[in-house]
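Asker: Structure in structure tokens, see below.
The values are calculated or read from the model by the stated rules, or taken from the named source; none is laboratory data. Everything quoted here is computed from the prediction, not taken from an experiment. Virtual Cβ from ideal backbone geometry, glycine too; neighbours counted across all protein chains shown. Heads up: the accessible areas ignore ligands, DNA and RNA and are worked out on the full protein's heavy atoms, side chains in. Shrake-Rupley method; radii C 1.70, N 1.55, O 1.52, S 1.80 Å.
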Amino acid sequence: MYAKSNPSDARANNRRLLFQLLFPGRQLSRADLCKETGLSRATATDVTGEMIDDGLLRELGSGPRDGRGKPGILLAIDTNALRLVCVDLSRPYVMTGAVMDLRARIVERRERVLDDGDRVDLDDVLSLVGQMVQLAGPGLAGIGVAVPGVISGSGTVISSAHLGWSDVELRDLLEEEFSLPSCVNNDANATLLADRFLGHGSSSCLLVQIARGVGASVLLNDEFVAGDDHAAGEIGHVVIDSDGPICACGKRGCLETYVSAVALRDRIRKDPHHRTETLTEAGTRLGNALAMPTSLLNLRDIVVYGPPDVAGETLLDACRETVNALSRNDYQSGGIRVRRCELGDDAALRGQAISVLHEIVGRR
Ligand SMILES: [Zn+2]
């Protein structure tokens, strides 16, 4: 979705740039698009014409007259011609599949409960994608799957402790099976994309996902930080207290043992009268852990995604207070923002759709 100038592929970038300006629901004339992008009128007319033919954009009626000349025809994203299929594997005990339109809105949704608690077989994933492909019918343009794990640039699941997978070439398998452009992304990256383009996100942002474990994703000037092993954001098993509780990984005091939804719910269940203290401590520990990367990268925007019973105001307030207290902020107006991602259970699905859009809009 995010457009960067790349001289080797100017046409693909122009298509992405124009699509992004109209995403999700803006209506602009060709003259508006030229004004906002600096593209020439000839280029904008050529590229938008091509995208209308491809079913990506459509013409609406005329816009308001601007005083001179005739009013321009407004363009918008076409929500009728094409569909996407996305599957989210990030949630415990359930796989979610959706047919979506080009505004990343869900048209049809199906859930499959995992009989074996957690275990997800590759065949079950391909079968759910197949079911959604049938539901989508003609006009299906691409497929996306959001996976909790370390994902290579070519869509291979290098490892996913949650799914019990390693070296699964998922994108290639999807493209082989369904003959459509396919994208496989880390679930926290997908959620951050949704926050960026459908929520309140900025172009540089750190997302913390509180779920079974704790994961993170970092966007810098609209580029994801991937890391040498594609594992940037894997912060859950960083030790924050070497005298802390034993973690499932064998170490003591990993971030996950204090901040994951599973650990917090467990603690609250055992000591329900100290719920506020437990959540405040978790927020403070998270703030402590995030102060260094936040200052290192000069980020101002931290978004926390997680179930509201744990990732609520109590935890966020403590995290915000700690991050700001520990960071040098005399050059920052307003300090570091720490906020909740408000996109609900479908954030990863919708972000995954944005990733597929980036792929298909750039192709012809
Ligand atoms: Zn650990």
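Asker: Per residue, what volume in Å³ does the Cα convex hull of the range 7-77 take up?
Answerer: Spread over its residues, the Cα hull of the range 7-77 gives 87 Å³ apiece.
Asker: Check which residues have an amide H placed less than 5 Å from Ala76's amide H, if you skip close sequence neighbours.
Answerer: Sorted by chain and number, the residues that satisfy this are Arg58, Leu60.
Asker: Right, here's the next one. Compute the distance in nm between two label points, each set 7 Å from the Cα along the Cα-to-Cβ direction, one at Ser62 and one at Leu122.
Answerer: Placing both labels 7 Å along Cα→Cβ, they lie 5.8 nm apart.
Asker: Sticking with this one: Starting from the Cα of Arg110, step 7 Å toward the Cβ, then list every residue of the range 120-162 with an amide N under 13 Å from that point.
Answerer: 124-137
Asker: Express the accessible area of the range 7-77 per residue in Å², computed with a 1.4 Å probe while the remaining protein chains stay in the model. Kindly include the intermediate steps, with their values, before the conclusion.
Answerer: Working: 3760 Å² over 71 residues.
Result: 53 Å² per residue.
Asker: Ratio of alpha-carbon Rg to the 2.2 N^0.38 Å globular estimate for the range 78-220, to two decimals, please.
Answerer: This ratio for the range 78-220 stands at 1.02.
Asker: Rounded to the nearest 0.05, what FRET efficiency is calculated for Cys249 and His200 with R0 set to 41 Å and r the Cβ-Cβ distance?
Answerer: 0.75
Asker: Using a 1.4 Å probe on the protein chains only, how many percent of the accessible area of the range 84-177 belongs to carbon and sulfur? Provide the component values of the computation, followed by the final result.
Answerer: Working: 1700 of 3940 Å².
Of all accessible area on the range 84-177, carbon and sulfur atoms account for 43 percent.
Asker: If I compute solvent accessible area with a 1.4 Å probe over the protein chains, what percent of it on the range 200-342 is carbon and sulfur?
Answerer: 52 percent
Asker: Suppose the Debye formula is applied to equal point scatterers at every Cα of the range 166-300; what is log10 I(q)/I(0) at q = 0.10, 0.20, 0.21 Å⁻¹?
Answerer: Debye output, listed in q order: -0.42, -1.23, -1.29.
Asker: Among all stretches of the chain without exposed chymotrypsin sites (Phe, Trp or Tyr not before Pro) (DSSP loop, at most 14 other Cβ atoms within 10 Å), which one is longest? Walk me through the intermediate numbers first.
Answerer: On the way: sites that count: Tyr93, Tyr331.
It runs 94-330.
Asker: If you build the Cα gyration tensor of the chain and take the root of 5 times each eigenvalue, what three semi-axes come out, in whole angstrom, biggest first?
Answerer: Working: eigenvalues 283, 133, 60 Å².
Equivalent-ellipsoid dimensions as semi-axes: 38, 26, 17 Å.
Asker: With each run of n ≥ 4 DSSP H residues scored as -39500 (n - 2.57), what mean residue ellipticity at 222 nm is computed for the chain after dividing by its residue count and rounding to the nearest 500 deg cm²/dmol?
Answerer: Computed mean residue ellipticity for the chain: -12000 deg cm²/dmol.
Asker: Obtain the nm distance between the two label points defined at Asn80 and Asp271 by a simple spin-label model: each point lies 7 Å from its Cα along the Cα-to-C-beta direction.
Answerer: 6.1 nm
Asker: Further question on the same structure: Report, in debye and to the nearest 20, how large the dipole of the chain comes out about its Cα centre when Lys and Arg carry +1 and Asp and Glu carry -1 on their Cβ.
Answerer: The dipole magnitude comes to about 1400 debye.
Asker: Sequence-distant or interchain residues sharing an amide H contact under 5 Å with Leu140, placed H: which?
Answerer: Arg83
Asker: Same structure, new question: Could you report the range 200-342's accessible area per residue, 1.4 Å probe, as an integer in Å²? Mind dumping the intermediate values first?
Answerer: Values: 7130 Å² over 143 residues.
That works out to 50 Å² per residue.
Asker: Right, here's the next one. Ignoring ligands, DNA and RNA, please state the percent of accessible area on the range 7-77 from carbon and sulfur, probe 1.4 Å.
Answerer: The value for the range 7-77 is 48 percent carbon and sulfur by accessible area.
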